[in-house]
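Participant: Next up is a structure, given as structure tokens.
Rule-based calculations on the coordinates, nothing more; no lab input. Computed from a predicted structure; not experimentally measured. So basically every Cβ, Gly included, is an ideal-geometry build from the backbone, and we count neighbours across all protein chains shown.
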Amino acid sequence: MQKRKLGDGGLEVSALALGCMGYGKAREIPDRQEMVDLIQQAVERGIDFFDTAEVYGPFTNEEMVGQALAPLRDQVKIATKFGWDVNPDTGVHHGGVNSEPEHIRAAVEGSLRRLKTDRIDLLYQHRVDPDVPMEDVAGTVKELIRQGKVRFFGLSEAGAESIRRAHAVQPIAALQSEYSLWTREPENEVIPTLEELGIGLVPFSPLGKGFLTGKIDESTRFDSSDFRNRIHRFSPEARKANQALVDLVRVVGERHGATPAQVALAWLLARKPWIVPLFGTRKLDRLEENLGALSVALTADDLDEIESAGSTIRIECARYPEEMLRRSSL
Ligand SMILES: NC(=O)c1ccc[n+]([C@@H]2O[C@H](COP(=O)([O-])OP(=O)(O)OC[C@H]3O[C@@H](n4cnc5c(N)ncnc54)[C@H](OP(=O)(O)O)[C@@H]3O)[C@@H](O)[C@H]2O)c1
């Protein structure tokens, strides 16, 4: 498995990461043992970087990841996140954010317990808390690192200013933000900031929450618990309009014998050597398909074509509902 470095502090991970959110958060919890097996099969296939969060479930997702990875703990890196206002005892989520130092410390104790581990390899703040200065958040994580409970610090969906303020107190290994062929806003300000400061990027939803794989079209129906029912970009009309991007990816893939999912991941891998795409799947054959992206070498001509043809395709609708977008990029 190819490896990539995130940040300057020595965090090295497999070039693709597995997101565990789909095992009980974005959609209804599937068969638990099946998901535990899938996570372990991912390790067998060389993935060593796994992503969860306190708020996924809460707290079933971390428990599931802990159950799967405890026997393999020394072979893997586990990333989790704090920052939503989740009651650390009951798991009741009050809706908003909370990065008060005391709340961070309680969240970390809970995560360590559920993950059945003595250290979190990468601890992200899930969303910026406008009521807590970034310096206080970074200072709290710095202390947790000093205590050995956390190895590396990350932010999720933070804007350039927050990244700079946090990084000045405790160097950041990685930013986790949505970035893909149909969500390119980070290119404006965030990616140049990461490059300047030597911070890695872990793009979530690299497959456009499934859309860029070409297996979803305007007639696809999601089950009632599926989060995508609430996203305008997944309305049948938007899916129909945005199909042009999938068509482009498919044409490029055909030259390499690659699927659209593989091209979407290979495109991210080709952007920067410090990008580690974070995909999610609940199926082993898709996991294997996605790992195939590591063997797809897009040429300069392919990348130019994606750039020029892609720039003529207008992506319809926002990536998240309005109230969720407001929390991003603070
Ligand atoms: N920091 C944050 O705020 C944040 C937000 C969202 C996500 N995340 C993290 O990022 C991870 C990935 O996010 P995501 O699930 O939105 O990403 P994604 O990889 O873009 O999309 C996952 C979706 O694509 C489908 N899929 C995966 N591979 C496929 C393939 N080869 N062919 C067809 N369909 C395929 C999956 O379906 P099946 O499961 O049915 O295979 C699932 O519905 C999450 O698990 C989570 O850890 C973080």
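Participant: Using the 10 angstrom Cβ neighbour count as an exposure proxy, how do 165, 239 rank, fewest first?
Facilitator: 165, 239
Participant: If every alpha-carbon in segment 111-205 counts as one equal scatterer, what log10 I(q)/I(0) does Debye give at q = 0.22, 0.23 1/Å?
Facilitator: Result of the Debye calculation: -1.11, -1.18.
Participant: Projected onto the charge dipole of the chain (+1 at Lys/Arg Cβ, -1 at Asp/Glu Cβ, origin at the Cα centre), which of 96, 205, 61 gives the Cα projection farthest towards the positive end?
Facilitator: Result: 61, furthest along the dipole toward the positive end.
Participant: Nearest 10 degrees, 0 to 90: what angle lies between the long axis of helix 300-310 and the longest principal axis of the chain (Cα atoms)?
Facilitator: Tilt relative to the chain: about 90 degrees.
Participant: Give the angle, between 0 and 90 degrees and rounded to the nearest 10, that separates the Cα long axis of helix 134-146 from the longest principal axis of the Cα atoms of the chain.
Facilitator: Once rounded, the angle reads 70 degrees.
Participant: Using the 10 angstrom Cβ neighbour count as an exposure proxy, how do 209, 77, 283, 215 rank, fewest first?
Facilitator: Exposure proxy ranking, most exposed first: 283, 215, 77, 209.
Participant: Just order 273-282, 225-234 by mean Cβ neighbour count inside 10 Å, highest at the front, would you?
Facilitator: 273-282, 225-234
Participant: Still on this structure, please answer the following. Students often get this wrong: which residues of segment 100-131 have the backbone nitrogen under 17 Å from the point 7 angstrom along Cα-to-C-beta of residue 73?
Facilitator: Flagged as within label range: 108-123.
Participant: Separate question: Which GluC sites (Glu not before Pro) does segment 123-211 hold that lie in a coil by DSSP with at most 15 other beta carbons within 10 Å?
Facilitator: In loop regions of segment 123-211 (DSSP not H, G, I, E or B), the sparsely surrounded GluC sites (Glu not before Pro) are 189.
Participant: Also, quick follow-up: Would you mind working out the magnitude of the charge dipole of segment 57-109 relative to its Cα centre, with +1 at each Lys and Arg C-beta and -1 at each Asp and Glu C-beta, to the nearest 20 Debye? Don't skip to the end; give the middle numbers.
Facilitator: Values: 4 positive and 8 negative charges, 51 e Å.
Using only the charged Cβ atoms, the result is roughly 240 debye.
Participant: Restricting attention to segment 204-288, which GluC sites (Glu not before Pro) occupy a DSSP loop and are surrounded by at most 15 other Cβ atoms within 10 Å?
Facilitator: 218
Participant: To continue, here is another question. Which value, to two decimals, describes the C-alpha radius of gyration of the chain once divided by 2.2 N^0.38 Å?
Facilitator: 0.94
Participant: Still on this structure, I have one more. Please name which of 268, 295, 134 has its Cα lying farthest along the dipole of the chain towards the positive end, using unit charges on Cβ (Lys, Arg +1; Asp, Glu -1) and the Cα centre as origin.
Facilitator: My answer, from the dipole projection, is 295.
Participant: Between 0 and 90 degrees, rounded to the nearest ten: what's the tilt of helix 236-254 against the longest Cα principal axis of the chain?
Facilitator: Between helix and principal axis, roughly 80 degrees.
Participant: Tell me, how many Å apart are the Cα centres for segment 308-326 and for segment 264-303?
Facilitator: The two parts, judged by their Cα centres, are 21 Å apart.
Participant: Please report, in debye to the nearest 20, how large the charge dipole of the chain is about its Cα centre when each Lys and Arg carries +1 at its beta carbon and each Asp and Glu carries -1 there.
Facilitator: The calculation lands at about 380 debye.
Participant: Considering the convex hull of the alpha carbon atoms of segment 162-241, report its projected area averaged over all viewing directions, in nm², one decimal.
Facilitator: Hull-based average projected area comes out at 6.6 nm².
Participant: State the answer as a single residue: which of 234, 38, 177 lies farthest towards the positive end of the charge dipole of the chain, with beta carbon charges of +1 for Lys and Arg and -1 for Asp and Glu, about the Cα centre.
Facilitator: The listed residue farthest towards the positive side: 38.
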